[in-house]
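In what follows, a single structure is set out as structure tokens and then discussed.
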Amino acid sequence: MGKGDTNDCSTETDLTEKSITPVGGFPHYGEINEDWLMIKGCVGGSRKRAVTLRKSIVTTTKRSHHEPLNIKFIDTSSKYGHGLFQTLEEKNKFLGTLASKSN
């Protein structure tokens, strides 16, 4: 679970200070400023549908469900276009000064 800080997306192997919001924000949603929870797998439904989390009635028996997760990298590149950069600083360093920004 994250807190919406600027350094909430760092892992043990990726020490880059970045937030969970991708470059340019999430499509049709925007930036994440509140607490967030990362879910393994997928969630069906529309984009902004509320998701209710509850304890399972049936006990899990798979061994993979009980092993701790080891997250190595969280992708925060843009979800539009090619998504080459993880942070805005990395993008500005690569592109340099743009003609539209020089005035």
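The values are calculated or read from the model by the stated rules, or taken from the named source; none is laboratory data. No experiment lies behind these values; they were computed from the predicted model shown. Virtual Cβ from ideal backbone geometry, glycine too; neighbours counted across all protein chains shown. The area values use the complete protein model at the heavy-atom level, side chains included, leaving out ligands, DNA and RNA. Shrake-Rupley method; radii C 1.70, N 1.55, O 1.52, S 1.80 Å.
Could you tell me which residue of the range 38-75 is most open to solvent (accessible area, probe 1.4 Å), considering only residues that are among the aliphatic types (A, V, I, L, M) and more than 21 Å from HIS28 (Cβ to Cβ)?
ILE57
Out of the range 37-68, which residues are closer than 24 Å to CYS9 by Cα and outside any loop (DSSP other than H, G, I, E, B)?
SER64, HIS65, HIS66
Restricting to the range 76-92, name every residue that is surrounded by 10 or more Cβ atoms within 10 Å (Cβ to Cβ) and part of a loop (DSSP other than H, G, I, E, B).
THR76, SER77, SER78, LYS79, TYR80, GLY83, LEU84, PHE85, GLN86, THR87 - these are the residues of the range 76-92 that are surrounded by 10 or more Cβ atoms within 10 Å (Cβ to Cβ) and part of a loop (DSSP other than H, G, I, E, B).
Is there any pair with a first residue in the range 9-27 that is on the phi > 0 side of the Ramachandran plot and a second that is in a loop (DSSP other than H, G, I, E, B) and open to solvent by less than 60 Å² (accessible area, probe 1.4 Å) whose Cβ atoms are under 7 Å apart and which are 6 or more apart or on different chains, and what are they?
If the second residue must be in a loop (DSSP other than H, G, I, E, B) and open to solvent by less than 60 Å² (accessible area, probe 1.4 Å), the pairs left are GLY24/SER78.
Could you please find all residues in the range 93-103 being at pLDDT 75 or above and either part of a loop (DSSP other than H, G, I, E, B) or farther than 17 Å from GLY24 by Cα (or both)?
Of everything in the range 93-103, just one residue is at pLDDT 75 or above and either part of a loop (DSSP other than H, G, I, E, B) or farther than 17 Å from GLY24 by Cα (or both), namely GLY96.
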